[in-house]
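A.B. asks: Pasting a structure below so you can have a look.
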Amino acid sequence: MESVSIREVAPRDGLQNEDPVPTDAKVELIDALSRTGVARIEAVSFVHPKAIPQMADADEVWARAWHNPGVRYSALIPNTRGAQRALAAGFREIEVVVSASDTHNRRNLNRSTEESLDDIAGLIPLVHEAGATLEVIVATSFGCPYEGDIAPDRVAGIVSRVRADGADRIAFGDTTGMATPRRVRDLISVVRPDLLHFHNTRGTGLANIVTALEMGIREFDASAGGLGGCPYAPGASGNVASEEVVHMLHDMGFATGIELDRLIEAAELAERLVGRALPSGVLRAGPRTRLV
């Protein structure tokens with residue numbers, strides 16, 4: 001049976017778009033997800049608290065969370081200072097974001113795409129010297145809320161540069177859910193990532209994953225309950241829900257190593273922690289889904 005790897009991003013990408021929740025709640029969510037069988041979890045981000053106050057307690061969350069030895073944990077960083085904090089906390093898988101859209105990059109990181117690429121070039125040796133890896137996430141790869149369509153060649157140029165600079169992994173982010181199967185085919189036909197991150201803002205998330213699977217991609221981000229979005233991109237609600245993705249993959253004959261029952265329970269916990277109903281259809285479907 002062929003395997004597909006899911007990185008669970010609810011503790012970081014999910015919670016950063018919600019009103020701040022207590023540190024205890026963040027730890028509880030990471031611990032619950034660590035028991036689902038998921039192989040990878042994006043746990044926290046080390047950003048300035050004025051930029052993303054929801055992540056102000058990243059050091060404490062990580063210090064208190066259970067570190068399951070069977071799970072690979074990663075942290076998102078915006079710059080050199082964030083990388084230093086993540087490495088000091090013990091992370092050995094680091095992620096950094098750069099937007100294919102210059103406008104979004106300025107809104108998100110207060111600098112141009114080219115300036116971010118220069119910064120990433122300096123980050124790579126720092127991360128490697130600490131024995132860690134750096135994944136570059138190219139946001140707005142499938143379209144930008146400010147600039148509209150993004151040419152695949154624009155994304156390919158960014159990938160070419162960061163790979164030449166020594167980046168270990170590449171991910172493409174569908175920051176506001178503008179991706180469709182056609183856009184997925186068009187981009188991946190030009191340049192291939194290691195991982196894809198889809199939102200379900202316009203209801204095409206699962207269809208995009210199926211298209212990517214057909215093109216040979218086997219790593220995806222997903223968020224418990226469909227929690228999350230991007231605070232610097234209008235309309236960016238709705239990461240693809242982990243339990244919906246896993247339910248579909250299992251039915252298609254792929255192995256994920258994830259126990260769907262436990263994943264649904266973690267998504268229900270996320271729903272309670274943020275105090276509102278989350279968009280996952282699996283949560284709404286009731287107990288029969290648990291038998292699949």
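The values are calculated or read from the model by the stated rules, or taken from the named source; none is laboratory data. Here the structure is a predicted model, which means the values were calculated and not measured. Cβ atoms come from the backbone with ideal geometry, glycine included; neighbour counts cover every protein chain shown. Calculation scope for accessible area: heavy atoms of the full protein, side chains included, ligands and nucleic acids excluded. Shrake-Rupley method; radii C 1.70, N 1.55, O 1.52, S 1.80 Å.
A.B. asks: Does residue 115 qualify as being among the charged types (D, E, K, R) and either part of a loop (DSSP other than H, G, I, E, B) or free of Cβ contacts under 8 Å to residues at least 12 places away in the same chain (or both)? Give the derivation first.
C.D. replies: Values: among the charged types (D, E, K, R): yes; either part of a loop (DSSP other than H, G, I, E, B) or free of Cβ contacts under 8 Å to residues at least 12 places away in the same chain (or both): yes.
So residue 115 passes the test.
A.B. asks: If I go through the stretch 185-213 residue by residue, how many of them are small (Gly, Ala, Ser), open to solvent by 10 Å² or more (accessible area, probe 1.4 Å) and modelled with pLDDT of 95 or more? If you could, list the steps in order and put the result at the bottom.
C.D. replies: Filtering the stretch 185-213 for residues small (Gly, Ala, Ser) gives 189, 203, 205, 207, 212.
Those left that are additionally open to solvent by 10 Å² or more (accessible area, probe 1.4 Å): 189, 203, 207.
In the following step, the residues that additionally are modelled with pLDDT of 95 or more were identified as 189, 207.
Going through the stretch 185-213 one residue at a time, the tally reaches 2.
A.B. asks: Can you find, within the stretch 5-25, the residue that is surrounded by the fewest Cβ atoms within 10 Å (Cβ to Cβ) among those that are touching a strand residue (DSSP E or B) at 6+ places or on another chain (Cβ under 7 Å) and not in a helix (DSSP H, G or I)?
C.D. replies: Among those that are touching a strand residue (DSSP E or B) at 6+ places or on another chain (Cβ under 7 Å) and not in a helix (DSSP H, G or I), it is 5.
A.B. asks: Checking the conditions here, which among 161, 85 is surrounded by 16 or more Cβ atoms within 10 Å (Cβ to Cβ), in contact with an Asp or Glu (Cβ under 9 Å, 6 or more places away or on another chain) and not polar (S, T, N, Q)?
C.D. replies: Values: 161 fails: in contact with an Asp or Glu (Cβ under 9 Å, 6 or more places away or on another chain).
Only one candidate qualifies: 85.
A.B. asks: Under the condition of being assigned to a helix (DSSP H, G or I) and more than 21 Å from residue 271 (Cα to Cα), which residue from the stretch 26-61 is least open to solvent (accessible area, probe 1.4 Å)?
C.D. replies: Start the filter on the stretch 26-61 by keeping residues that are assigned to a helix (DSSP H, G or I), which leaves 26-34, 53-55, 58-61.
Retained after the next criterion (residues that are more than 21 Å from residue 271 (Cα to Cα)): 59-60.
On the way: 59: 72, 60: 91 Å².
Ranking the candidates gives 59 first.
A.B. asks: Look through the stretch 124-141, keep the residues that are among the small types (Gly, Ala, Ser) and more than 30 Å from residue 199 (Cβ to Cβ), and return whichever of them is surrounded by the most Cβ atoms within 10 Å (Cβ to Cβ). Before the answer, list the steps.
C.D. replies: Of the residues in the stretch 124-141, the ones among the small types (Gly, Ala, Ser) are 130-132, 139, 141.
From what's left, more than 30 Å from residue 199 (Cβ to Cβ): 130-131.
On the way: 130: 16, 131: 8.
Across the stretch 124-141, the extreme among qualifying residues is 130.
A.B. asks: Can you pull out the residues in the stretch 146-158 that are out of contact with any Leu (no Cβ under 9 Å at 6 or more places or on another chain) and open to solvent by less than 50 Å² (accessible area, probe 1.4 Å)? Quick ask: steps written out before the conclusion?
C.D. replies: Within the stretch 146-158, the first condition is being out of contact with any Leu (no Cβ under 9 Å at 6 or more places or on another chain), and the residues that meet it are 146-149, 151, 153-154, 157.
Those that are out of contact with any Leu (no Cβ under 9 Å at 6 or more places or on another chain) and open to solvent by less than 50 Å² (accessible area, probe 1.4 Å): 148, 157.
A.B. asks: Which one of these does residue 77 not meet: (1) under 16 Å from the mean Cα position of the chain (by Cα); (2) surrounded by fewer than 23 Cβ atoms within 10 Å (Cβ to Cβ); (3) farther than 19 Å from residue 242 by Cβ?
C.D. replies: (2)
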